[in-house]
Every structure is written in C-alpha cells, then in structure tokens.
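In what follows, a structure is listed as structure tokens, so that the remarks can point back to it.
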Amino acid sequence: MKQASGEKCINLKLKVWRQKAEESNGRLESFKAENISKDMSFLEMLDVVNEEIILSGKDPIALDHDCREGICGSCGAMVNGRAHGPEKGTTLCQLHMRHFSNGDTVVIEPWRSRAFKVVKDLVVDRSAFDKIIQAGGYISVNTGGAPDGNAIPVPQEVAEKAMDAAECIGCGACAAACPNASAMLFTGAKISQFALLPQGHPEAKKRALAMVGEMDKQGFGNCTNEKECEAECPKGISIINIARMNREFLKSSILS
Amino acid sequence: MHWNSNRFILLLSSSIGKKLVMAITGLGFCIFLISHLAGNLIIYAGNDAFNSYAERLHTLGPLLILAEIGLLLLGIIHISTGAYLFYQNFRARPVRYKKKRNAGGRTIGSSTMPYTGFLILIFIVFHLVDFHFVEKADRSIYQIVLETFSNPGYTIFYILSMVVVATHIDHGFWSLLQTLGIDNLECMPVFRVISSAFSLFVGIGFGSLPVFITLIT
Ligand code: FES
C-alpha cells in the first residue's frame, strides 16, 4: 500500500546487513525507504521496504519478530550503532519512525556476539540464552492441588524487585550492546528473579553455579561494569541484578 | 556434575571468579595506595620529618620485604588475570559492528581500564627505577625526591601518570564493590561518589607532591 506523501512521511536511506547464511560472508546493502509514515514502527517500515524487494523479485530482508508490542523479545537489531535504536526503553517493534528525520541514513546490523551466530541477515540464533535457562532458570515443583494464594508470604518490596528482574524478555540487547559481549545482565536477571523469592531458594545454589557455568561455556564475554546493558535494555533492568548474581554465585561456590 | 570437588578451581576459572580476582587484588592496591600516600604526604612536613619516616619504615626489615613480595604477587595476579580477561572479551565478538555508539553507560574510566592499567604498569617500572632501586648511599630520600622532580619532563610524566591512576581508580573502586556483590540499588549512587572521591584524593594527593617540590625549590 502506498503511503500518502506530505509532512507525515519521510524518506530514508537504509544500509542493511545482508548475509545469506551463517557461513557466508555478509555486507551492508543500500535500500531506499520512501514515503514512510512517521506513525509506523521500525518493523513496519522494514515491511514496506521488503514488499518492494519482493516485487522486484529479490530476497527480502530476514528479521525476527512476533508480538510487535514489546513483550516477546523476538525483535532486535542495531540501529545506527544502538541496540533497538536510539530511544530508551523500547524494543525495535516499539520504535517509531517519528524519531527519524527526512533524509536520514540508517545503518541496521544484527546482534554481534560469538554466542549469537547470524542465521540470515538480521536474524541471529539466540539459543545460547535458552541453554542458560535450561541449566537452571526454573523451579521444580511437585504436582498436586494448587497451593493457597498467600500460603508463602512475600514482602511487597521483595516482590517488586523480583518482578523488576522478571521483566527481562530475553531479547539479547544487553549482550549485543555490551562492549565485552557479556550476557551477565540477562543471566543476572534470571538468577535474581528466583533468588529473591522463597520458591527459588531450594535450588538457589545449584542454579547460580549451573547458569553461570553455562553462560561461560556459551562464549559470552566478561562483564567490566560498563553499564551499557542497563542503558540499552528495553525493560530498563538494573545492573544491580549482576551484583546479586555475583553474590549468589559466591555463596554457592564458597559455602557448600 | 561434581560441583563439590575442585570447587575453588571452578570458582577461579569462571567469569565471575576472574572478576573477583581483579576486585580483591585491586582492593589490595587501594589499601596500599592509602598507606603509600599517607607516608608521602609527610613530605609537606619537611626534610627531617620525611627522612625519619623513611628510616622508621626501613626498620621494619623483613616485614617490609614481605609487604613488597605481597605487592609483587598482587601485581602479577592483577595484570595476568586482566590481560586474560581482555583477550577473552576481545574474542567474545569476532565480527565487530560497522557502526557502534555508546548508550550512556560507559565512562572514560570504564572504557579505558585495560589501557590505563597498561600505562600504570609503565609508570610503576619508571617509578621503581627512580625511587626504589636508586642508589641511596650518599643521599637522603628527601634529596632523591627533590633531584628527581627537578627534571620538568619527569614531573609532567608523573602528574599525567597520576591522572591515569585516578581514572583507573574512578571505575575500579566502584567496580570492585559491584563485583564483590556489596552493591545494591540504594547504595549504588553513594558508591559511585565514594569511588570518584577516592580517585580524586589519590590523584591530587600524589599529583600535588611534585608541584609542591617545584614551588619550594
Ligand atoms: S516483536 Fe515482540 S518484542 Fe518486538
């Protein structure tokens, strides 16, 4: 569908990372994004560009997305060197084109980390995060009748902190933005959400050791407290969760 | 999995363990710097006071040697672990971004840690040659200080080195609190301020000495 031109529309020059498969060499390819409504999201803008690419008989730009409302963590790319684009606290699908100006050049690259292999174009394999979760990011519960709602008392402030950590949608922006490609904000958030709540305590020791061990195995870098992750996290997750992970890991390592 | 056996090795070989090694050795240096600065500030009290401080320090004998060996070990561990972390972090992103911008989390200190660390190493070599392994038989330590700082080139090198040291500590001190897991949401801003204040204290404390010496000579 053609957008009406006028003040509400902008024209952009895109430079998008194109890579056929994991093993092939990639490069930046230029595209024109014309008559883009400022009310569009970044992904909708890419949809428009892709439609034209398809019409010209070429391979559209591959990208990950699902909910398009900032809650699933599927989308994500580096936009002009910033994870999920220049706005704070947004995912790529919630980034709107009104934040761009007519004539802008926009460079779009996939997340870069040894642990995130490029599958195609902007799509990266984030199963390294799944492996970290599989190593201990869960609680084991016995089946049976549902427990009473307030059987385990949790202070409000503790619940709040746990919920803040649990906001993580696993998009990978932290590792992508980190100068060291470290996954410590992700792992810290996932360890924290359980460490704070009584339900997580029985497996706390095993969890911290296993999840940190898996994170290291996946080839992520080491955190140097640069705070870039916190600044780029679409959910604003604090690096305080990394301090808590350090604490949990130390407790598990030293006190057996 | 045998988490119980070799637990210590496992801890040290992990990412958090290596960070911990950096934090603890770094803390060791911070404590050393406080005592070193406390001693050096006696220069302000003049020739006799400073020389007698140096004499008393050397009466510690074996204890002093023990401390020196301790510092050397701290240095070796801090540098080798830091170098390994630097290598690992470099390897963690084999394909770099064509375009990368900072999001506002990094500071000058945080983004230059490996480089300021390396510069400090160079400074320490010069520093030891000039003040530690120097021929002390015919001169007092106060005289040595005066003579060394009478060279304006060296004075500038020294002051610049102190700026580098302060930059390293500004991130390092806060960072070690975070790594040790002492940090929490309420204390984080306070820790940041304490870290900057400490780095300024060290930087100005040492950096002001050659200025003072130049002024009195
Ligand atoms: S598509 Fe679900 S968060 Fe962006």
Among the residues of the stretch A:196-245, which ones are modelled with pLDDT of 95 or more and among the polar types (S, T, N, Q)? A:Q218, A:N222, A:T224, A:N225, A:S238, A:N241
Kindly indicate which of B:T179, B:T116, B:T167, B:T112 is in contact (Cβ under 8 Å) with a residue 40 or more places away in the chain and in contact with a Lys or Arg (Cβ under 8 Å, 6 or more places away or on another chain). B:T179
Tell me, which helices (runs of 4 or more DSSP H) lie completely within the stretch A:149-232 with 2 or more residues that are over 23 Å from the mean Cα position of the chain (by Cα)? A:156-166, A:204-217
Quick test for you: out of A:S74, A:S24, pick the one residue that is within 14 Å of chain B (Cβ to nearest Cβ) and either in a loop (DSSP other than H, G, I, E, B) or in contact with a strand residue (DSSP E or B) (Cβ under 8 Å, 6 or more places away or on another chain) (or both). A:S24
Here are B:I122, B:I156, B:I141: which of them is more than 12 Å from chain A (Cβ to nearest Cβ), over 25 Å from A:R112 (Cα atoms) and open to solvent by less than 60 Å² (accessible area, probe 1.4 Å)? B:I141
Could you look through the stretch A:43-71, keep only residues that are part of a loop (DSSP other than H, G, I, E, B) and open to solvent by less than 30 Å² (accessible area, probe 1.4 Å), and pick out the one that is nearest to the ligand (Cβ to nearest atom)? A:G70
Of the numbered conditions (1) of a type in the set (D, E, K, R); (2) out of contact with any Phe, Trp or Tyr (no Cβ under 7 Å at 6 or more places or on another chain); (3) open to solvent by less than 20 Å² (accessible area, probe 1.4 Å), A:R114 fails exactly one; give the number of that condition. (3)
Across the stretch A:27-42, what is the number of residues that are touching a helix residue (DSSP H, G or I) at 6+ places or on another chain (Cβ under 9 Å), of a type outside the set (K, R) and part of a strand (DSSP E or B)? 7
Residues (in contact with a Lys or Arg (Cβ under 7 Å, 6 or more places away or on another chain), open to solvent by 10 Å² or more (accessible area, probe 1.4 Å) and under 17 Å from A:I61 (Cβ atoms)) located in the stretch A:74-111: A:N80, A:T105, A:V107
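The values are calculated or read from the model by the stated rules, or taken from the named source; none is laboratory data. This is a predicted model, so every value here is computed, not measured. Backbone-built Cβ (ideal geometry, glycine too); neighbour counts: all protein chains shown. In case anyone asks, the SASA skips ligands and DNA or RNA and just uses the protein heavy atoms, side chains included. Shrake-Rupley method; radii C 1.70, N 1.55, O 1.52, S 1.80 Å.
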